[in-house]
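Taking it in order: structure first as structure tokens, then the write-up.
Computed from the coordinates by the stated procedures, all read-outs in this text should not be read as laboratory data. Computed from a prediction, not measured in an experiment: that's the story for all the values here. Don't worry about glycine lacking a Cβ; one is built from the backbone with ideal geometry, like all the others, and counts go over all protein chains shown.
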Amino acid sequence: MIETILYSLLSNVPPTDNGTFWLPRSASTVAENIDFTFELINWICYFFFAVIVVAMVLFCIKYRRKSPNMTCDGPTHNTALELTWTIAPLLLVVVIFTVGMRGYLDLREAPEGCYEVQVTGQKWSWTFNHPEFGATQVGELTVPVGKPVRLLMTSNDVLHSVWIPDFRVKMDVIPGRYTSLWFEATKVGDYQLNCTEYCGKDHSKMLAKVHVIPVDEFDATMIKLASEYEDMSRAELPAYAINRLYNRCVSCHSLDGSSGTGPSFNGLWDRVKVGQVKFTSGEALSSLLGDATEYGEPENYIRESILNPQKHIVQGYLGSMPSFQGQLKEKQITAMIEMFKHLDELTDANGNITVNKDGTPTE
Amino acid sequence: MSNTDHNHIEVGHAVPIKFLTAICCLLLFLTAVTVWVSRYDFNEINIAEMGIIMALFVATVKATIVGLYFMHLRWDRPFIGFIFIGSILFVVLFISLALTDTMEYQPEIIPGDTPAVTAAMDKLKESR
Amino acid sequence: MITTEAKHDNLSMSDNYLNHTKGIKSWLFTLDHKRIGMMYLICILLAFLLGGIFAMLIRFHLLTPDGALMTQDQYNQAFTVHGAVMVFLVIIPAVPAALGNFVLPIMLGAKDVAFPRLNLFSWWLWILGLVFFLISLGTGGVDTGWTFYTPYSIDKASSMGGVIPALIGAFVLGFSSIFTGMNFIVTIHRLRPVGMTWFRMPLFLWGTYATAIIQVLATPVIGITLLLLIVERSFGIGIFDPALGGDPVLYQHFFWFYSHPAVYIMILPAMGIVSELIAVHSHRHIFGYKFIAYSSIAIAMFGFLVWGHHMFTSGQSQLVNIIFSLITFSVSIPSAIKVFNWLATLYKGSISLNTPMLYGLSFIFIFGIGGLTGLYCATLNTDVHLHDSYFIVAHFHYVMMGSALIGFIGGIHHWWPKMTGKMYNEAWGRFACVLVFVGFNVTFFTQFMMGSRGMPRRYATYQPEFQTYHVISTIGSTIMALGFVITAIYLLHSVFKGKKAPRNPWGGRSLEWQCSSPPPWDNFAEQPEVGDCYDFSVLVWNEEEQGYDWRKDAVHPGE
């Protein structure tokens, strides 16, 4: 462990644009305003803290006890002085409040003509829908630079919160309700998006990347994203699914055979194909497969497990999986099923993904 | 014990039992009033909430009577009454700020997005 | 005029509250406020050890970005237990229930609190609360965070099984706190002896009085809220769960309506202690007594109006956010008044840099940072960036741990000779205080930086860029832990091997320094006389006793 710490300390070379001592790089229009308020308060605090500490240290040196019997006759009160240090901070905090409030109103009031993205938080991944293009992204969000973007957010389960530190924006994501935030990115680049309202086991892994790309590339990128699986042949679907869809499953379903919140995907198709799955109800999957049964084909069972996961819960698990009804297109579900069938070709023995989205092997 | 003021101790202030019985009857009568009010449909006079308003009004009157007589506030030192009213104001403050907020964000609530309720209703329909 | 010698004869050292009656039962069922205070002190320090172990687990886990020690679930449990134990079992009862119980009646000149049986009951409730917390650990654990936010805490499928026992534990501890508060309010109102007017009370009593008001007014709200949560989790009633038409933000209103004032339950009595420490150890009349006294009450009152500042990004409406931000700033004023008045008290004092005073000065330094960083959090637009980040973690540790707990530990050192009748080793005391002070600042100042640079709170794993900060923070926490271990050792050592404490080792002027150390069973053999508790000119050093006596020529107060 010590080696890892030392190694990371040494290799921790700061990136070129590293922000200030206190704040990360600023990459949105509102960041400037917030940084100004932050710096304003900073200097007020430096001043008052210096006054407090200098006075304290000076008095402690100058008036230290020289004999146990010193009697002191300093003033016991001074109303004028006390009123001064009551009223002066009062005026200062009124200034800070006003600056903060005006900045806040700018932060909350989205300008006209925002590019809108629908955000869904779900344990423990982020889904971004681009209604304008009919495209869906998971774990990554692509937005144009220099254009206001508004995120309209809701949650499928518990509270989450979107925080993009470089943009200085944050808003809780609440089930049964829409909340929103807006930003206008000023620099092309990749930015970290965190979940920052505690949401259970993998809270710290509920992350996403915000890709800010030039405006002229944006439309083309989104159109491609929206339709990429539409024209794919059946053979191309598994590579697409493991790279584009699996990141919604990763926090619960492993690829290396270890069980997480849900069963591992490793060997899943082999188990399902022969019905070798037992449910908490005591039923076995084998009794539901075959002619004149509920599912008939194993593919239908997998489809049902994605759309209606609470129907059958595999023994040894809690059944915490949310439904993906309405979030996956029919062809995407097919892609998932194809992925299960060809998982051996997509991953190595340690559960690492070995193909890119276009089917080429990873480095 | 070194009390600063021994004169104010009023524990054991006797209230005649007849008086308390009368108060009790009054409370029962007011309960009857609430029940009576609940039987009217105020939609006819276009004030649908009238029933609730009247029920709350009667309940407030009853609570005041209980506080004044059963809890002896009527004969206690004014300071105790001051504390009592103070704590009511305090509750009002708490409720009003919290409600101001919930009312402000009502438009953001997604109507009908209550999956647990929907599921329960479906189940109910199935069983019928 | 009563001379010192006469008083010495009256108070026989052989009979004191520690040896008045014997046997474990005479402690567990005692009605004596001093013994109850001591039992609280021992239990709270043990709970502090428990919470501290979890804190160290968290810090060592965070040495590497992927987490060095625990699984995600274990980490979530660790920070929940750390938070819940430290808040409900340690800091909230620390000063009022432990030190307050011991000191308050003696300082006031009373023989006991107003309701001794209720006092004992509140200690037993504390034990019951602890038992429920342990049960919750045994029945699946809790991973909701100490805030029990809905709907996560209601969802049986995702949160762990120990939520209900933990909620019941917090509920029971709430009653323990209410009873203590009620006891203190009545004691201060009714049991003041002749001469002890409101404005002659030592400032520690003003602090505990203000605290008691909050305890009595705010704690019932958390009680109701926790009950609603228990009912909702058990029977699925839709109060806070949006899936049932409930409102999770309403839960946050209910929760913070108590939990914000609870911060003042923690800090106000510690401020009271610091007022005593600064005045007594610089032998100087406290500066601006009335401003400090009134500011305690002002903080208690304003404290009720600012809970919404925990919810600036929670989906609280803009209008209400602005209202709460504005009111929040008003709390900074009385806090600032206190700091300036303490500084003015040092001016022209006779400052002894002994252990309690070092803790007092540490308090001013740390509270300075904790209070000033509150400005960033109260300001609307900066808080949007800082909320739920390590900046907030650092801010509230500076206030709750660095200020409230440092004040508590300073108070323990201040009254230790009085409580145990023994002196601790002064050199080790100063050394440990410096370790705690340095360790604390190293631990938490780095957390300000990583927080404002983008490190979210409650993360079991994190981005590699924050590792340097986390490593420094963990080193700091180790230094601090070492300081606490040393403190525990020399304090325990003093109980068995320490020098006998004089009646008045520091030259304190309030009434507890007029009775022997440790105090007799009934506190005062005769009714003490009340004077100006910050007039140190009547005291004179007694080399033989290593303590202070009345100046022979001083006119006795009250005459």
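Structural remarks
- Chain C: relative contact order in percent, alpha carbon pairs under 8 Å with at least 6 residues between: 18 percent
- Long-range Cα-Cα pairs in the stretch B:13-127 (distance over 21 Å), rounded percent: 66 percent
- For peptide A:75-82, the mean count of partner chain Cβ atoms within 10 Å of a residue's Cβ comes to 6.
- Inverse of mean 1/r across different Cα pairs in chain A, Kirkwood, Å: 24.9 Å
- Gained length - C:Lys499 relative to C:Thr21, 0.36 nm times residue gap less alpha-carbon distance: 169.7 nm
- Candidate lysines for bridging to A:Lys273, where Cα separation is under 21 Å - those fewer than 8 sequence places away on the same chain excluded: A:Lys311, A:Lys331, A:Lys341
- For the pair the stretch C:52-93 and the stretch C:417-467, the centres of their Cα atoms are 15 angstrom apart.
- Calculated FRET efficiency for the pair C:Ile42/A:Gln310, C-beta based, R₀ 51 Å, to 0.05: 0.55
- A Förster radius of 51 Å, combined with the Cβ-Cβ distance separating A:Phe133 from B:Ile52, puts the computed FRET efficiency at roughly 0.55.
- FRET E, pair B:Trp36, C:Ile224, Förster distance 35 Å, beta-carbon r, rounded to 0.05: 0.65
- The stretch C:4-550 shape via C-alpha gyration tensor axes, a/c threshold 1.5: prolate
- Alpha-carbon centroids, the stretch B:66-128 and the stretch C:328-404: separation in whole Å: 36 Å
- Least to most buried among C:Ser517, C:Ser158, C:Ser537 (fewest other Cβ within 10 Å first): C:Ser537, C:Ser158, C:Ser517
- Zone of B:Thr21's modelled label, taken as backbone nitrogen in the stretch B:69-83 under 15 Å from a point 7 Å along Cα→Cβ: none
- Label-point separation, C:Val231 to A:Lys329 (7 Å along Cα→Cβ), nm: 4.9 nm
- Model label zone, C:Val194; criterion: amide N under 18 Å from point 7 Å along Cα-to-beta-carbon; scope the stretch C:499-529: C:524-529
- Taking the average, over residues, of other Cβ atoms within 10 Å as the packing measure, peptides C:32-39, C:19-26 rank C:32-39, C:19-26 from highest down.
- Under the span-like rule (Cα at least 30 Å along the axis, Kyte-Doolittle mean at least 1.0), DSSP H helices of chain C: C:33-61, C:116-138, C:163-190, C:203-235, C:248-281, C:318-346, C:355-378, C:426-452, C:467-497
- Here each label is just a point 7 Å from Cα along the line to Cβ, and for C:Ile53 and C:Asn542 those points are 4.4 nm apart.
- Shape category assigned to the stretch A:237-346 from the gyration tensor of Cα positions, a/c cut at 1.5: rounded
- Percentage relative contact order, the stretch C:376-528, counting C-alpha pairs under 8 Å, at least six apart: 33 percent
- Debye equation applied to the C-alpha atoms of the stretch A:115-227, log10 I(q)/I(0) at 0.09 Å⁻¹: -0.21
- Value of relative contact order over chain A, rounded to a whole percent, pairs C-alpha under 8 Å and six or more apart: 13 percent
- Tensor-based shape of the protein assembly as shown (alpha-carbon gyration tensor, a/c under 1.5 rounded, otherwise prolate or oblate): prolate
- Helix A:29-62 axis versus longest C-alpha principal axis of chain A: approximately 40°, rounded to the nearest ten.
- The mean number of partner chain beta-carbon atoms within 10 angstrom of a residue's beta-carbon across peptide A:56-69 is 6.
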